[in-house]
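Asks: Mind having a look at this structure? Questions to follow.
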Amino acid sequence: MTAQEARRRAAPTGKQTISFAELAVTTNFSFLRGGSHPEELAFTAAKLGLAGIAVADKNTLAGVVRGHVAAKEAGLRYAVGCRLAFRDACPRASDQPDPGGTPQILAWPTTRAAYGRLCRLLTLGNRRAEKGECHLDLADLLEWGEGLVLGVMPSNRSLDTTLAALSDAFPGSVRLMASFPHGAGDHRRLALLDRVARRFGVPLVATNDVLYHAPERRMLQDVLTCIREKKTLLTAGRLLAANAERHLKPPHEMARLFRDYPQAIAESVAVLDQVTFSLDELRYQYPDEPVGDAATPQAALERLTEEGARQRYPDGVPAKVRASLDHELKLIAELGFAPYFLTVHDIVRFARLKGILCQGRGSAANSAVCFVLGVTEVDPDRSDLLFERFISAERNEPPDIDVDFEHE
């Protein structure tokens, strides 16, 4: 089912008396693991009447943007998440955590600052590893986990150690996740997890640990598993899922599966209520630039612009160019883009000092400010520039200054 088809089929299915949020959603952005697009999952969750979902892909935030956009269109509550897998947990590429390692942990940022720390954590893991891998240790999470709600996915061993460490470091922010995989001993396993949760004083949260939006997508997920494990469907054996149950399920079905643990259903919505961070809070934020004696980046840019204009026009700045500079500087000040111009100017200045050939191009050539700063070479006195092609308040996005450098 395509995202468009999922959108068309995402009609309300009637009033739900049970509220449940699926917080462990894996998409196809978990490479060779998830069997559905974020859009399919969001629209299906809305159709099923879920209170909300959280996209949590393995060691990546790559799928959260598409999920966010689709959830907004579907009118579905949405939480940003990530499934953290640790290098001592999975020596092979299986979805199942290694019994002797750290369990996989779902992380949901509650604030913009916590989202930033989660990004720093993932950057740390990616820089340690070869491309396509992410090497994280539990100690990394303990350092960068402030502001995250953490859901521990149980494994056969190390669960007690992990819960103890996290509960001590982040009291009130840890949950124990519980699923119902329709295998032998499910009820006994749930009872054990409930006892463990009570012993450590952490809430139990119900999840279906979703890999695809609908059961018919299980066949594709099996193929992905075979590609990942370098097996065929005939030789993969127990590497394949035992059934097609890891799809989004309606609240009443999840409540039926967890009928002996209704608090685990309620806690899924409680976590969703706690995780209030939204990608809508993100804005471009430029680094601070040295401004010399100037009071602000804007003042520094205006000073450099005047110096550049005198160099470009030693006989006096033409009235046409002066009007363009005044108009551009005013808009740059309103939009707060001065630090970006200072960054580009500094890069170009360095290249000129070192004799490195460079040239600005593209829409930046419509800027008189870029010309007098030496970034571009299109003279605004000899051309009719369209500055709004470069910067426009209506577009609500930063400018794009392309500069080419000689490859040597």
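The values are calculated or read from the model by the stated rules, or taken from the named source; none is laboratory data. Keep in mind that what you see is a predicted model, and the values were worked out from it rather than measured. We place every Cβ from the backbone using ideal geometry, glycine too, and count neighbours over all the protein chains shown. We work out accessible area using only protein heavy atoms, side chains counted, and drop any ligands, DNA or RNA first. Shrake-Rupley method; radii C 1.70, N 1.55, O 1.52, S 1.80 Å.
Asks: Can you pull out the residues in region 179-188 that are open to solvent by less than 80 Å² (accessible area, probe 1.4 Å) and out of contact with any Ser or Thr (no Cβ under 7 Å at 6 or more places or on another chain)?
Replies: In the first step, residues of region 179-188 are kept if they are open to solvent by less than 80 Å² (accessible area, probe 1.4 Å); the result is 179-183, 185-186.
Across region 179-188, the qualifying residues are Phe180, Pro181, His182, Gly183, Gly185, Asp186.
Asks: Do you know which residues across region 360-403 are open to solvent by less than 70 Å² (accessible area, probe 1.4 Å) and assigned to a strand (DSSP E or B)?
Replies: Going through region 360-403, the residues open to solvent by less than 70 Å² (accessible area, probe 1.4 Å) turn out to be 360, 362-376, 378-381, 383, 385, 387, 390-393, 398-399, 401-403.
Within region 360-403, Gly360, Asp402, Val403 qualify.
Asks: Counting only residues that are of a type in the set (A, V, I, L, M) and outside any helix (DSSP H, G or I), which one in region 234-253 is most open to solvent (accessible area, probe 1.4 Å)?
Replies: Filtering region 234-253 for residues of a type in the set (A, V, I, L, M) gives 234, 236, 239-242, 244, 248.
Subsequent filtering for residues that are outside any helix (DSSP H, G or I) retains 234, 236, 240-242, 244, 248.
On the way: Leu234: 168, Ala236: 8, Leu240: 32, Ala241: 35, Ala242: 102, Ala244: 31, Leu248: 6 Å².
Applying the filter and picking the extreme gives Leu234.
Asks: Does at least one position in region 327-341 carry a residue that is outside any helix (DSSP H, G or I), closer than 25 Å to Ser383 by Cα and not small (Gly, Ala, Ser)?
Replies: Of region 327-341, the ones outside any helix (DSSP H, G or I) are 336-337.
With the extra rule that they be closer than 25 Å to Ser383 by Cα, the set shrinks to 337.
Pick out the ones that are also not small (Gly, Ala, Ser) and you get 337.
Yes, because at least one residue in region 327-341 is outside any helix (DSSP H, G or I), closer than 25 Å to Ser383 by Cα and not small (Gly, Ala, Ser).
Asks: Next question, about the same structure. Out of the residues in region 257-289 that are open to solvent by 80 Å² or more (accessible area, probe 1.4 Å) and over 30 Å from Leu190 (Cβ atoms), state the one that is modelled with the highest pLDDT.
Replies: Filtering first and then ranking leaves Glu281.
Asks: Could you tell me how many of the residues in region 208-230 are within 13 Å of Thr26 (Cβ to Cβ), of a type outside the set (Ser, Thr, Tyr) and not in a helix (DSSP H, G or I)?
Replies: Adding up the residues that qualify gives 5.
Asks: Quick check on my filter: what residues within region 344-401 are touching a strand residue (DSSP E or B) at 6+ places or on another chain (Cβ under 8 Å) and within 20 Å of Ala300 (Cβ to Cβ)?
Replies: Matches in region 344-401: Val344, Ile347, Val348, Ala351, Arg352, Gly360, Ala364, Cys370, Val375, Thr376, Ile401.
Asks: Turning to a different aspect of this structure: Kindly indicate whether any position in region 91-104 is under 18 Å from Leu176 (Cα atoms), at pLDDT 95 or above and of a type in the set (S, T, N, Q).
Replies: The answer is yes, given that some residue of region 91-104 is under 18 Å from Leu176 (Cα atoms), at pLDDT 95 or above and of a type in the set (S, T, N, Q).
Asks: Under the condition of being among the small types (Gly, Ala, Ser) and assigned to a helix (DSSP H, G or I), which residue from region 304-326 is most open to solvent (accessible area, probe 1.4 Å)?
Replies: Looking only at region 304-326, we keep the residues that are among the small types (Gly, Ala, Ser), and these are 308-309, 316, 319, 323-324.
Okay, now just the ones that are also assigned to a helix (DSSP H, G or I), so 308-309, 319, 323-324.
Working: Gly308: 5, Ala309: 1, Ala319: 84, Ala323: 59, Ser324: 39 Å².
Applying the filter and picking the extreme gives Ala319.
Asks: Further question: Given the condition assigned to a helix (DSSP H, G or I) and of a type in the set (Val, Ile, Thr), answer yes or no: does some residue in region 113-126 qualify? Let's see the steps before the verdict.
Replies: Residues of region 113-126 assigned to a helix (DSSP H, G or I): 113-126.
Retained after the next criterion (residues that are of a type in the set (Val, Ile, Thr)): 123.
Yes: region 113-126 contains one or more residues that are assigned to a helix (DSSP H, G or I) and of a type in the set (Val, Ile, Thr).
Asks: In region 202-231, which residue that is touching a helix residue (DSSP H, G or I) at 6+ places or on another chain (Cβ under 6 Å) and open to solvent by 30 Å² or more (accessible area, probe 1.4 Å) is farthest from Thr44 (Cα to Cα)?
Replies: Here the residue is Glu229.
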